[in-house]
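Each value in this text was obtained by applying a stated rule to the coordinates, not by laboratory testing. No experiment lies behind these values; they were computed from the predicted model shown. Glycine gets a Cβ as well: all are built from the backbone with ideal geometry, and neighbour counts include every protein chain shown.
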Amino acid sequence: MKRVLPLMLVLVAGLAVAIDKTTPSAILKTPAKFDHKVITVSGVVGRFTARTAKAGGKYFLFDLTQGKDKIAIFGKGELKPAPTNGAKVEATGEFEVARKSGDRTYNNELDVTSTGKDKNGVKIIK
């Protein structure tokens, strides 16, 4: 019994930090289900752009597509290596149905910015 309890605690802790894996199509069918949740989304990169803000901070944007369905990906910093258009990736971050920034609203966006203490980011799949 003494050995079973620590093992059960490890399993329960692992389930608590599990991240949902999904696709752009599944998100767009029921976006409210994913709102403000950390998820991993697989798809194909489209319209990748790396930019520098007026204040000097670097960031990147791209569409994550599955067929005709797509969600927006946003991240602060740089991706090294940066994915090319057409690359298959997994993106992990917090999804928001509508994110406001200043006077603009961004719909169906996944923020993959990492704080260093999370699993957020973009992984190229070969």
- Item | Test: K54 is more than 11 Å from the chain's Cα centre (by Cα) and not in a strand (DSSP E or B) | yes
- Task: Could you grab the pairs with beta carbons closer than 8 Å, sequence gap of 6+ or different chains, first residue in the range 55-67 and at positive phi, second one among the hydroxyl-bearing types (S, T, Y) and surrounded by 15 or more Cβ atoms within 10 Å (Cβ to Cβ)?
- Result: G67/S25
- Can you pull out the residues in the range 57-79 that are closer than 23 Å to K29 by Cα and within 15 Å of the chain's Cα centre (by Cα)? L61, F62, D63, L64, T65, Q66, K70, I71, A72, I73, F74
- Task: Look through the range 80-108, keep the residues that are within 14 Å of F48 (Cα to Cα) and in a strand (DSSP E or B), and return whichever of them is nearest to the chain's Cα centre (by Cα).
- Result: A91
- Could you please find all residues in the range 32-85 being closer than 24 Å to G116 by Cβ and of a type in the set (D, E, K, R)? K37, R51, K58, K76, E78, K80
- Task: Those residues that are of a type in the set (F, W, Y) and either buried (at least 17 other Cβ atoms within 10 Å of the Cβ) or within 20 Å of I125 (Cβ to Cβ) (or both), I need them from the range 46-91; list them, please.
- Result: F48, F60, F62, F74
- Say we look at the range 98-126 and pick out the residues that are hydrophobic (A, V, I, L, M, F, W, C) and crowded, with 16+ Cβ neighbours inside 10 Å; which of these is nearest to T65 (Cα to Cα)? L110
- G75, sole failed condition from (1) under 18 Å from K21 (Cα atoms); (2) without any contact (Cβ under 8 Å) to a residue 60 or more places away in the chain; (3) outside any loop (DSSP other than H, G, I, E, B); (4) in contact with a Gly (Cβ under 8 Å, 6 or more places away or on another chain): (1)
